[in-house]
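Just so it is clear, none of the values below were taken in a lab; they were calculated from the coordinates. Keep in mind the model is a prediction, meaning the values are calculated, not measured. Using ideal geometry, Cβ is built from the backbone for each residue, glycine included, and neighbour counts are taken over all protein chains shown.
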Amino acid sequence: MAPQVWFITGASSGLGLSLSLYALSAGHHVIGTVRNASKSADAVQTIQNKGGKIVELDVTKADAIPEAVKKAESFYGKIDVLVNNAGYSLLGAVEDLKSGTIVNISSVAGQDALPSCGLYSASKFALEGLSESLSRELAPFNISVLVVEPGAFRTNFLSAVQRNESGLSEPYKGGPVDTMLGNFESAQGKQKGDPEKAIARIFEVVTGEGAAGGLKGQILRLPLGPDCVQRMQAKLDKANADLNAAREFALNTNYD
């Protein structure tokens, strides 16, 4: 296939950096955003040495987004794939085009909320809802939406988990939150998920090439990792059980 132009936010580390380098190695064009180029000098140099472009952008500053998108488009005249990896969505980058792909990086937490993860899960649930709505709104314009839902992969993600300096309040000690935080701490660096394999699956679904290429345009959600599949299946089973349990009463709510 002809090289595509990828616009990847949050390209300074983690999944964003890995996906940028993967796409570049496959002969595609990449424009990555970083919040501060000087503080991310190593990542910036790595991307640029591979032929990628860099745009400085703090996605929390709405006024800066249009200019960043304009600069990105100036490199190749278009954006084919928008990867929202920095926690905020830059939808306008492809909405005005006649085709393209929006990739929103979510999490299994966007389907299954664990103790201690309420606020994080709430943000991912919101992203899932936004993506579902957009997929229907943009389908007539030949723009597809893909929600990526990684499980536990061996990145530095869990290293950001911190306990309150004062510790948990007495009623919480030994409870579900305390247990889950302990699980996160002990799991860091031991996750079974291989990030490079996850990146490959994302790339294949977006481009329609490789082992998962047949899923291009066929799925909205891309679960990644055995743990993600297990948790999503359990969530679906529970939702189905709730539906069946309440079905009779739910169907009997119209006017007589």
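Explain nothing, just compute: Karplus ³J(HN,Hα) = 6.51 cos²θ - 1.76 cosθ + 1.60, θ = phi - 60°, for every residue of the range 204-215 in order, whole Hz, x for Gly and Pro.
Working through the residues one at a time gives 5, 5, 5, 8, x, 10, x, 4, 9, x, x, 7 Hz.
In what order do GLU248, GLU56 fall by count of nearby beta-carbon atoms within 10 Å, going from fewest to most?
GLU248, GLU56
Provide the net charge surrounding ALA122, with neighbours chosen by a C-beta distance below 15 Å and charges set as Lys +1, Arg +1, Asp -1, Glu -1.
-1
In whole Hz, what ³J(HN,Hα) sequence does the range 144-149 give by Karplus (6.51, -1.76, 1.60; θ = phi - 60°), x for Gly and Pro?
In residue order, the calculated couplings are 9, 10, 10, 9, 9, 10 Hz.
Residues with amide H under 5 Å of VAL55's amide H, sequence separation 5 or more or different chain, H placed in the peptide plane at 1.01 Å from N; which?
GLY32, THR33, VAL34
Rounded to the nearest 0.05, what FRET efficiency do LEU215 and LEU236 give with R0 = 22 Å and r taken as the Cβ-Cβ distance? Could you check?
0.75
For LEU114, LEU21, which order do you get if you count the other beta carbons within 10 Å of each Cβ and list the fewest first?
Taking fewest neighbouring Cβ atoms as first place, the list is LEU114, LEU21.
What's the center-to-center distance, using Cα atoms, between the range 235-252 and the range 30-83 in Å?
Using only Cα atoms to place each centre, the spacing works out to 46 Å.
What is the fewest-to-most order of LEU82, LEU134 by other Cβ atoms lying within 10 Å of their Cβ?
The most exposed by this proxy come first: LEU134, LEU82.
Using modelled amide H (1.01 Å from N, peptide plane; none on Pro or chain starts), what sits under 5 Å from the amide H of ALA152, excluding residues fewer than 5 places away?
ASP227, CYS228
Would you pull out the residues with amide H under 5 Å of ARG221's amide H, same chain only if 5 or more places away, H placed 1.01 Å from N?
HN-HN under 5 Å from ARG221: VAL147.
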